[in-house]
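Below is one structure, written out as structure tokens; the observations come after it.
Only the coordinates and a few stated rules stand behind these numbers; no lab work does. Just so it is clear, the structure is predicted and the values come from calculations on it, not from any experiment. Cβ atoms come from the backbone with ideal geometry, glycine included; neighbour counts cover every protein chain shown.
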Amino acid sequence: MGGMTSAGGSRWAVEVRGLGKRYRRRWAVRECAFRLPAGTVCGLVGPNGSGKSTLLSMIAGLVPPTTGSVRLRGAPAGAPVDSAFLAQDKPLFPRFTVEETLRLGEELNPRWDQAVAERIVRSGAIPLHARVGALSGGQRSRVALALAFGKRPGLLLLDEPMADLDPLAAHELAGLLMAEAAEQGTTVLMSSHQLSDVATMCDQLVVLGEGRVRLAGEIDALLASHRLVTGAHLVEGVPPGIARHTVVESRTVGRQFTALIRPHGPVEGEWKVAEPTLEEVLLAHLRSPGTPPLLTVGARVDAAPTEKADAAHPENTENTENAEEESAI
Ligand SMILES: Nc1ncnc2c1ncn2[C@@H]1O[C@H](COP(=O)(O)OP(=O)(O)OP(=O)(O)O)[C@@H](O)[C@H]1O
């Protein structure tokens with residue numbers, strides 16, 4: 001992705017710069033800056049309370065940022081965009097029938113695709129005449145997904161879409177999301193706590209920790225910039241040959257030393273060195289929130305000044321330990 005430029009803007013579905021949200025004294029999202037190529041499926045991962053829903057709501061234009069800006073498809077910040085947001089609580093009118101709910105979707109959306117919406121509802125065996133308030137949680141999720149997909153949006157923002165779906169429904173949704181991205185060029189940004197869903201569905205990743213971006217970019221490139229190192233080690237602590245790399249996490253059990261590192265050059269010594277799985281990289285980063293952030297070249301935005309950022313909130317800038325890691329990926 002090294003040759004990418006932001007020329008033409010529209011190759012980036014989402015660009016956020018200096019994005020922050022403060023609720024009273026507490027920052028839910030801080031200094032987020034990354035971009036997401038159009039037509040990709042991106043997983044948004046992070047511990048509870050790390051700011052995923054807040055970030056999605058700001059990108060959806062539902063929550064005004066305290067600092068920074070969101071740009072969608074190269075359009076000026078704040079311009080109306082063709083996106084659909086499926087919130088975690090999936091708000092629907094309980095007194096409407098499923099059919100009435102879809103009709104409302106049709107009336108509100110000029111590009112409405114009734115066939116897609118109906119297919120999603122029918123494959124869950126949900127009767128069109130059923131009242132939404134009488135459906136199970138998973139069935140309501142399916143209706144909400146039908147509404148989101150029926151809009152045929154360019155950008156689909158999903159907050160834990162799989163959370164209450166049964167395994168078959170989740171599998172079907174995964175197929176649908178990937179097909180939409182491939183066939184319609186839809187960009188999908190979805191938060192999830194299911195690392196295996198992220199591994200099977202997503203080609204991009206954004207990891208949040210305490211409201212900040214910890215990892216962002218193409219999953220292949222992120223994996224390629226990490227190594228899992230194992231071997232025998234007789235004394236406590238990280239061996240000097242390993243400590244010269246960025247050590248995300250290390251542990252010694254008995255005589256067995258294991259570390260997830262970002263190598264800066266060859267790993268010397270009698271170590272077994274392998275490329276980690278996505279799950280290994282994610283878990284290590286979730287357990288080690290102090291690791292410097294890593295953004296691939298494709299995910300980085302220039303450090304352009306943001307609208308209302310740092311001048312009004314000088315406490316935003318103090319954090320040198322959060323300096324981004326230099327990398328050639
Ligand atoms: N409307 C609000 N008013 C005050 N604080 C809020 C509000 N919404 C979110 N927060 C706070 O912002 C932080 C981030 O919350 P957010 O819901 O964005 O996290 P999340 O990563 O989506 O969490 P989860 O995985 O539990 O869904 C939390 O500390 C939360 O308490």
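Some observations on this one:
- The lysine pair tally for the chain, using Cα distances under 20 Å and a gap of 8 or more places or different chains, is 4.
- Of the residues Leu86, Leu36, Leu128, the one that moves most in a GNM of the chain with alpha-carbon contacts below 10 Å is Leu128.
- About its Cα centre, the dipole of the chain is roughly 700 debye, where the only charges are +1 on Lys and Arg Cβ and -1 on Asp and Glu Cβ.
- Highest-fluctuation residue, Val63, Val121, Val14 considered, GNM on the chain with Cα pairs under 10 Å: Val63
- Rounded FRET efficiency, nearest 0.05, which uses the C-beta distance separating Asp89 from Arg24 and R0 of 22 Å: 0.50
- Most mobile listed residue (Ala60, Ala274, Ala299) in the chain, GNM with C-alpha springs under 10 Å: Ala274
- Taking the average, over residues, of other Cβ atoms within 10 Å as the packing measure, peptides 107-113, 244-250 rank 244-250, 107-113 from highest down.
- In this simple spin-label model, placing a label point 7 Å from the Cα along the Cα-to-Cβ direction at both Ala224 and Gln194 gives a separation of 2.9 nm.
- The chain: angle of helix 137-150 to the longest principal axis, Cα-based, in degrees nearest 10: 80 degrees
- Listed residue (Thr66, Gly237, Asn48) projecting farthest to the positive dipole end of the chain, Cβ model: Thr66
- Share antiparallel - DSSP beta bridges, the chain, percent rounded to 5: 65 percent
- Value of Rg/Rh across the chain [Cα atoms, Kirkwood radius]: 1.01
- Stokes-Einstein diffusion coefficient of region 227-274, Kirkwood radius over Cα pairs, 20 °C, 1.002 mPa s, in µm²/s: 204 µm²/s
- Per-residue ellipticity at 222 nm, computed for the chain from helices alone with -39500 (n - 2.57) per DSSP H run of at least four residues, works out to -7500 deg cm²/dmol.
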